[in-house]
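Worksheet: the structure to be examined is printed underneath.
The values are calculated or read from the model by the stated rules, or taken from the named source; none is laboratory data. This is a predicted model, so every value here is computed, not measured. No Cβ is skipped: glycine too gets one built from the backbone with ideal geometry, and neighbour counts run over all protein chains shown.
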Ligand SMILES: N[C@@H](CCC(=O)N[C@@H](CS)C(=O)NCC(=O)O)C(=O)O
């Protein structure tokens with residue numbers, strides 16, 4: 001078992017009568033956003049840490065927690081829940097009604113992350129191809145990246161930059177404080193920043209604002225290693 005328990009030691013609330021939350025955390029993963037939300041909400045939680053294998057995937061025993069073994073996962077009483085969007089909806093006490101909040105909450109995992117995952121896979125395939133096939137595989141996947149993935153990413157990058165330019169606060173729903181959309185957009189933003197040399201100023205401001213938040217800093221110290229550049233090296 002690679003899981004490691006780390007009891008929560010933040011100043012905590014009584015959790016409003018709810019059971020203590022267990023958050024299953026994988027290094028360098030989406031569960032960093034869940035940790036940030038938990039710290040921000042001041043809920044009592046316990047972290048159980050999992051470490052990526054040398055292949056970069058979750059260890060097999062994560063499937064004992066949830067059959068898919070994908071992070072984040074939370075457990076509260078009898079309920080075990082995965083999917084970062086579902087977790088954020090479950091934990092966020094008030095649902096802010098803005099259309100932008102709704103749109104960006106779904107857009108993050110439904111549209112943007114699949115493109116970034118494509119980019120990651122297309123980058124990894126040539127590196128993992130048998131040595132003698134590598135030049136050919138690299139050429140084919142390089143072509144797919146340049147024709148299918150990069151133009152799409154550029155379109156999305158510019159779309160997000162234009163949206164954030166209109167937000168008075170720099171958060172996705174234009175609210176004074178981060179809402180569900182910001183917690184869900186955080187990981188795709190980090191992934192884009194990890195690889196892109198041309199990362200727009202508003203996107204960069206968004207990440208800087210997140211990084212400067214005390215709850216985020218505490219969540220980072222709780223979660224440990226979080227460096228998405230490792231994936232793109
Ligand atoms: N759409 C899911 C994606 C979950 C997911 O793919 N999580 C990654 C970490 S960022 C994972 O657990 N990967 C481990 C693996 O593929 O073995 C969500 O938002 O929770």
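See the values below:
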quantity	calculated
Subset of region 214-233 [over 21 Å from residue 117 (Cβ atoms) and part of a loop (DSSP other than H, G, I, E, B)]	224
Matching entry among 132, 206 (being under 25 Å from residue 39 (Cβ atoms) and free of Cβ contacts under 8 Å to residues at least 60 places away in the same chain)	206
Pairs where the first residue, in region 69-87, is touching a residue at least 40 places away in the same chain (Cβ under 8 Å) and farther than 17 Å from residue 186 by Cβ and the second is in a loop (DSSP other than H, G, I, E, B) and more than 8 Å from the ligand (Cβ to nearest atom), C-beta under 7 Å, 6+ apart	73/65; 73/66; 76/18; 76/19; 77/19
Filtered residue count, region 157-203, keeping only those that are surrounded by 14 or more Cβ atoms within 10 Å (Cβ to Cβ) and not in a loop (DSSP other than H, G, I, E, B)	23
Considering residues of region 38-61 that are within 12 Å of the ligand (Cβ to nearest atom) and without any contact (Cβ under 8 Å) to a residue 40 or more places away in the chain only, the residue nearest to residue 224 (Cα to Cα)	52
Any hit, region 113-132, residues being outside the structural domain of residue 40 (by TED's automatic domain parsing), in a loop (DSSP other than H, G, I, E, B), more than 12 Å from the ligand (Cβ to nearest atom) and surrounded by 12 or more Cβ atoms within 10 Å (Cβ to Cβ)	yes
